[in-house]
Amino acid sequence: MTTTATPIPVTPTPAEPAATATATVRRPSRRRFSVGRAAAWTYIVIVLIVTIFPFYWILRTALSNNYALITDPASLVPTGFTLGAFQRVLGLATPEQAIAEGGSGASIEIGHFLLNSVIYATLSTVFIVFFSALAAYAFARLRWRGRELMFSLFLTALMVPGILTLLPNFVLVKELGLLNTFAGMILPTALFSAFNIFFLRQFMLGLSTETEEAALIDGAGRIRVFFRITLPMSSGPIITLSILGFITAWNDYFWPLLVTSDDSVQPLTLALAVFKQSSPQSAPDWAGLMAATLVAALPMLVLFIVFGKRIVNSIGFTGIK
Amino acid sequence: MIARSGASAPTRLSRSERNRDRRGSVNAKAPAHRGDAKLAWLFIAPALIGFLVFAAYPTLRGIYLSFTDFKVLTPPTWIGLDNFVELLGDDVFWSSLLVTVYFVVLSVALGLTLSIITAVVLHRLTASTVVRGLIILPFLISGVVAATVWSWMLDTQLGIINIALEQLTGQSIQFLTSRAWAIPSIALISVWKSLGYTAIIIFAGLQTIPPTIYEAGRIDGANEFQMFRRLTLPLLRPILALVVVLNVIGAFQVFDIVQVATKGGPANASNVLQMYIYSKAFGQFDFGYASAMSLALFAVLIVITFLQMRLLRASESDTN
């Protein structure tokens, strides 16, 4: 299906500046003021405000004093500015202090859960992308009996939604004695992803065979070709799958909830949910909750700042394929 | 490692012999090479193990377990269709199925409409990467984070949205604590979280439509709406089909937002199927019954996916 075989970011061809030039020539005529354009911009601004406001509200609340929030809940800036909420969440405040500021006395050892999330998300992503690339290479580049059969077998897995395998997988992980381990959290998704294999295979089918053949003629083995040629040439889709995989694993809640019950391996999403439940029901510690929320979201926000454009392109990329 | 494939060959061929062999190969995409078959199995081995152990086997086992009485601590005993018979008479199951369908329809319809509008507007405004980047921000955070901040903003007394509503209309809404509003509120959170993601996929699809088609449309005297209806939508159909199917399947399995925002309450008003399955399995440890519900949900998903494909194909032949 991949008809255009463009291997990796190529240096801009001379055709490109010309194309942008025509675009800029044409643009002014379209950029005239019109009711439609004004309405469109208004719509986009509203969407952006609705999108971003909750993030601002997290920050504003996290920097507020929990008791001051009750007296002035609508203030657009932090009320009774304090870093107390962060101290409560990070476990830097004594339980007495925390309770005095409206907390439950519970705290999250955020560093510990952060580390768990990093381990969980990184290992699952690295394994699944690497194993998928291996399989994709076998399907795209090697000739062997049973190839078509195995490929269609793998594709049937795309049809089965997670819900059907969740409970049996939990039972399996329990039987293997892997509850409350990283292995139990990671294994079920680390070895096989039909989507990743399909996605990478399509890309590898489109790669030109010339470099590869030259290397083979020069006496390089298949494994060397895979690591030195195919893998680097596939860095685009590999980064795409890695970014999306990391985001998914980082935000995963349901599976870790099933297979972990103590906080030795639990990721941040679970810690946050537990912290929310431990917040007093009558008068929730909203400032503390928002501080915890911000800390939980922070790594993704950093990822966004570093890879923003790349993430946007990745999302579009996967949709088109 | 390097000479692996060559070394495994019984007799070493000279370089020229191997070249001749390759030149004679028919399949240009996959030049034949000694030891390819062995290597191929080695390369797919991890994926194959993963497929067999964590996908194929659990699927079959899940189907088997739904015909058993399985309380986790004791081994499963075969009880035939009893779970399904019980399911038919389970009011909570039916209400949660209804609640789930309500949520799916609401969130997918709203999400898709807004995503299409957003994508088209972004496309027409040739909006910058910064704008496109900002609208996907909610996609990057977890459902837990999204549900936590929205349950704060939707809080009946102190939530900023209710304070604003009271200023404007003099009334507040019990978003997460009333039966009528629980599901719409969860749909709102879910749409907020996925809008940018879906819009970007549709936006990418829009970019593959050649502008000459619109120029032709303009020459033929079509107005903006006609061009959207007659050109954009039909050309986007493959991507929209994908997005709808994925969103519906995803929406049927909503869990984290519900668990954090309402826990299925009040009085089961937001007790979606996945939530009910979870509470049966891990609240009452009735794995057999929970598996039966999973199988039922799976069946529903298959039927809906099939129907969607049929409908989309039918409407496609309509316009052509």
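The values are calculated or read from the model by the stated rules, or taken from the named source; none is laboratory data. Bear in mind that the values here come from a model prediction, so they are computed numbers and not experimental data. Every residue, glycine as well, gets a Cβ built from its backbone with ideal geometry; the counts of neighbours run over all protein chains shown. What goes into the accessible areas is simple: the full protein's heavy atoms, side chains included, and nothing from ligands, DNA or RNA. Shrake-Rupley method; radii C 1.70, N 1.55, O 1.52, S 1.80 Å.
Some observations on this one:
- Entirely in region A:1-77, the helices (runs of 4 or more DSSP H) that have 1 or more residues that are modelled with pLDDT of 80 or more and open to solvent by 100 Å² or more (accessible area, probe 1.4 Å): A:35-62, A:66-71
- Candidates A:Pro237, A:Pro299 - the one that is assigned to a helix (DSSP H, G or I) and more than 22 Å from A:Tyr120 (Cβ to Cβ): A:Pro237
- Counting only residues that are touching a helix residue (DSSP H, G or I) at 6+ places or on another chain (Cβ under 9 Å) and in a loop (DSSP other than H, G, I, E, B), region B:154-177 holds 12 of them.
- Of the residues making up region A:276-293, those that are aliphatic (A, V, I, L, M) and open to solvent by 30 Å² or more (accessible area, probe 1.4 Å) number 1.
- Condition met for A:Phe227 (touching a residue at least 12 places away in the same chain (Cβ under 8 Å), open to solvent by 10 Å² or more (accessible area, probe 1.4 Å) and not small (Gly, Ala, Ser)): no
- Residues (outside any loop (DSSP other than H, G, I, E, B) and either of a type in the set (S, T, N, Q) or closer than 21 Å to A:Ser242 by Cβ (or both)) located in region A:159-182: A:Gly162, A:Thr165, A:Asn169, A:Phe182
- A single member of B:Thr100, B:Thr126, B:Thr148, B:Thr118 is in contact with a Lys or Arg (Cβ under 9 Å, 6 or more places away or on another chain) and in contact (Cβ under 8 Å) with a residue 40 or more places away in the chain, and it is B:Thr148.
- Count - residues of region B:85-143 that are away from chain A (no Cβ under 14 Å), part of a helix (DSSP H, G or I) and open to solvent by 50 Å² or more (accessible area, probe 1.4 Å): 11
- Selection from region A:174-223 of residues that are open to solvent by less than 50 Å² (accessible area, probe 1.4 Å) and either outside the structural domain of A:Ser124 (by TED's automatic domain parsing) or at positive phi (or both): A:Asn180, A:Gly219
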